[in-house]
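Peer 1: I have a structure here, written as structure tokens, and I will follow up with some questions on it.
Taken together, the values in this text are just the output of simple stated rules run on the coordinates, not laboratory data. Here the structure is a predicted model, which is why all the values come from computation and not from measurement. Positions of Cβ are backbone-derived with ideal geometry, glycine not excepted, and every protein chain shown enters the neighbour counts.
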């Protein structure tokens with residue numbers, strides 16, 4: 001059991017205590033413990049063997065004993081006792097966006113609602129609106145939340161599936177019996193959410209590969225066990241299918257199972273016009289009777305596309321959004337690569353709601369090969385995130401300057417930029433004065449409040465910030481949280497037009513729960529001449545690795561390195577900031 005599992009159980013225990021209306025201080029103690037464990041850089045088992053669990057802030061003797069029980073047995077007796085006191089479906093209701101412990105307790109105690117289905121029926125029947133603190137709008141939000149919950153039950157975040165896919169492929173590649181192994185499907189196309197996972201392999205001994213696959217630690221349950229195909233349930237709740245194919249069909253199978261369906265249909269139509277047929281086994285000639293004839297290609301994807309008169313189309317573009325026409329015309333973009341990224345411009349330190357000091361974040365960025373970074377802690381109005389009052393912002397700048405001096409003294413060219421994720425307030429004004437903003441190397445701005453405002457008001461707030469001339473990047477422009485919260489109502493086309501006019505970059509937030517802007521908005525922004533900034537929004541050093549998800553989203557939006565400011569040398573970025581402030585400030 002790792003740290004994340006312990007955090008989950010501690011959070012669930014706090015939720016159950018709140019549902020059962022237990023002592024508020026006990027609830028807070030579990031919440032505080034969960035937060036402390038969430039912020040740990042070290043594995044709990046290592047801390048237990050070293051300084052001991054009670055060395056962790058917020059964890060006393062009693063909680064240390066319960067965490068030790070979790071580490072030893074994989075369960076916590078107290079958590080099980082609490083679960084037994086509520087209907088089985090009640091904890092699941094907490095996964096519905098907008099249904100916190102207090103609301104779950106209310107509908108259970110006042111209406112006898114015990115699961116998500118009963119909650120949905122009651123909301124549809126208008127049976128919740130007369131409960132304290134609820135109304136017709138609350139019912140509407142609950143129904144939207146249930147829709148998101150059901151979507152989440154059918155799909156998972158790319159950030160959850162991709163690491164599992166990579167582990168499976170890595171383990172199978174180690175087998176002497178495998179020739180080639182790859183994951184496919186929407187995971188390979190790097191879609192923001194993923195349904196089931198497809199894995200393909202070639203081998204002369206498929207039974208050995210299947211046996212090894214079924215024994216992998218990520219596999220929870222075997223659904224179907226065959227000679228050349230196994231279907232299983234992963235620990236993360238998604239299904240995975242492994243197919244072992246002949247080496248001469250690997251490319252055709254990889255292309256077919258990568259999809260998308262719309263892309264494959266378009267390829268099949270193209271093939272038919274060329275007197276060919278394409279499927280998961282090969283590209284073949286069509287006979288006069290319309291039957292599959294002589295085999296033309298299939299061993300590699302390059303071979304498959306070449307047989308259809310096309311260059312290899314990157315998986316991220318295979319959505320039938322014009323990529324086949326562009327490939328035919330020789331106009332496929334040279335897509336952005338992760339190696340093109342020189343910096344990360346949005347991350348948080350322990351000055352606000354991050355877990356690590358600035359120096360540690362800098363070390364992690366240098367380890368990734370970056371040339372510079374920006375620290376962009378929250379501004380003063382976001383008190384829940386320990387937003388920086390002007391005095392603390394000035395003190396942080398002193399620390400950044402001292403760190404840069406130390407780096408220079410050691411001969412390092414790496415630099416830390418002073419930035420801030422400035423709140424756009426309810427009237428569209430910014431959370432710091434013009435003078436305070438001018439003292440920052442680069443200014444990021446975000447909407448963090450007033451999500452219930454209507455579309456016109458939300459849009460106008462963002463437009464006022466963009467046209468102020470005082471911000472350089474608008475962060476996570478729609479505010480969505482994948483599978484958890486829809487974006488706030490905003491006219492994204494108006495935002496893109498204003499960003500183009502005032503030379504403000506729009507962010508692709510690479511945090512797996514956000515990926516905001518989405519791929520279609522990235523493409524629209526690029527077409528309108530808007531610059532893109534890809535940042536991780538890291539709150540821990542390890543979050544900096546999320547950059548690959550942002551790059552993938554930008555690639556899906558047809559972005560090249562020239563479209564993304566994170567590919568610029570530091571001097572180029574600073575010249576751009578100075579230039580746009582002179583023009584618009």
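Peer 1: Would you please give the FRET efficiency between residue 491 and residue 571, computed as 1/(1 + (r/R0)^6) with r the Cβ-Cβ distance and R0 = 51 Å, to the nearest 0.05? Numbers along the way, then the final one.
Peer 2: On the way: r = 35 Å, r/R0 = 0.69.
Step by step, r from the Cβ atoms, then E = 0.90.
Peer 1: Taking N as the number of residues in the chain, what is its alpha-carbon radius of gyration divided by 2.2 N^0.38 Å? Don't skip to the end; give the middle numbers.
Peer 2: Details: Rg = 26.3 Å, N = 585, 2.2 N^0.38 = 24.8 Å.
Scaled against compact globular proteins, the figure is 1.06.
Peer 1: A further question follows. What full-extension length gain, to one decimal in nm, is calculated for residue 129 and residue 528 as 0.36 nm per residue of separation minus the Cα-Cα distance?
Peer 2: Working: separation 399, 0.36 × 399 = 143.64 nm, distance 4.46 nm.
Contour length minus the Cα-Cα distance gives 139.2 nm.
Peer 1: Can you pull the one-decimal nm distance between simple spin-label points at residue 270 and residue 384, each 7 Å off the Cα toward Cβ?
Peer 2: A separation of 4.8 nm, rounded to one decimal place.
Peer 1: Also: Kindly identify the range 231-349 as rounded, prolate or oblate by the Cα gyration tensor criterion: order the square roots of the eigenvalues as a ≥ b ≥ c, call it rounded if a/c is under 1.5, otherwise compare a/b with b/c, prolate if a/b is larger, else oblate.
Peer 2: Details: a/c = 2.55, a/b = 1.46, b/c = 1.75.
Oblate, since a/c reaches 1.5 and b/c is not below a/b.
Peer 1: Now for a different question. Find how much the distance from residue 412 to residue 280 grows on full extension, using 0.36 nm per residue of separation minus their present alpha carbon separation; answer in nm with one decimal. Provide the component values of the computation, followed by the final result.
Peer 2: Details: separation 132, 0.36 × 132 = 47.52 nm, distance 5.16 nm.
Length gained, residue 412 through residue 280: 42.4 nm.
Peer 1: Taking neighbour Cβ counts within 10 Å as the exposure measure, how do 18, 486, 331 sort from fewest upward?
Peer 2: Least crowded to most crowded, the residues run 331, 486, 18.
Peer 1: Could you tell me the calculated FRET efficiency between residue 225 and residue 179, based on Cβ-Cβ distance and R0 = 25 angstrom, to the nearest 0.05? Intermediate values should be presented prior to the final figure.
Peer 2: Numbers: r = 22 Å, r/R0 = 0.87.
Calculated value: 0.70.
Peer 1: Further, regarding this structure: Quick one: P(r) of the range 338-584 from all Cα-Cα pairs, 10 Å bins, percents rounded to integers, in order of increasing distance.
Peer 2: Percent of pairs per bin, in order: 8, 35, 40, 16, 1, 0.
Peer 1: With each label point set 7 Å from Cα along the Cα-Cβ vector, what nm distance links residue 69 and residue 88?
Peer 2: 2.3
Peer 1: In nm, what is the difference between 0.36 nm times the number of residues separating residue 289 and residue 331 and their Cα-Cα distance?
Peer 2: Numbers: separation 42, 0.36 × 42 = 15.12 nm, distance 3.57 nm.
Once the chain is fully extended between residue 289 and residue 331, it gains 11.5 nm.
Peer 1: For every helix of n ≥ 4 consecutive DSSP H residues, a contribution of -39,500 (n - 2.57) applies; sum these over the chain, divide by its total residues, and give [θ] at 222 nm rounded to the nearest 500 deg cm²/dmol. Present the calculation step by step, with values, prior to reporting the outcome.
Peer 2: Numbers: 24 runs with 258 residues, N = 585.
After summing the helix terms and dividing by the residues of the chain, the value is -13500 deg cm²/dmol.
Peer 1: Between rounded, prolate and oblate, where does the range 94-154 land on the alpha carbon gyration tensor, with a ≥ b ≥ c its root eigenvalues, rounded for a/c under 1.5, else prolate if a/b exceeds b/c?
Peer 2: Details: a/c = 1.64, a/b = 1.41, b/c = 1.17.
It is prolate, given that a/c is not under 1.5 and a/b is the larger ratio.
Peer 1: Moving on. Calculate the spin-label point distance for residue 542 paired with residue 426, positioning each point 7 Å from the Cα along the beta-carbon direction, and give it in nanometres.
Peer 2: 3.9
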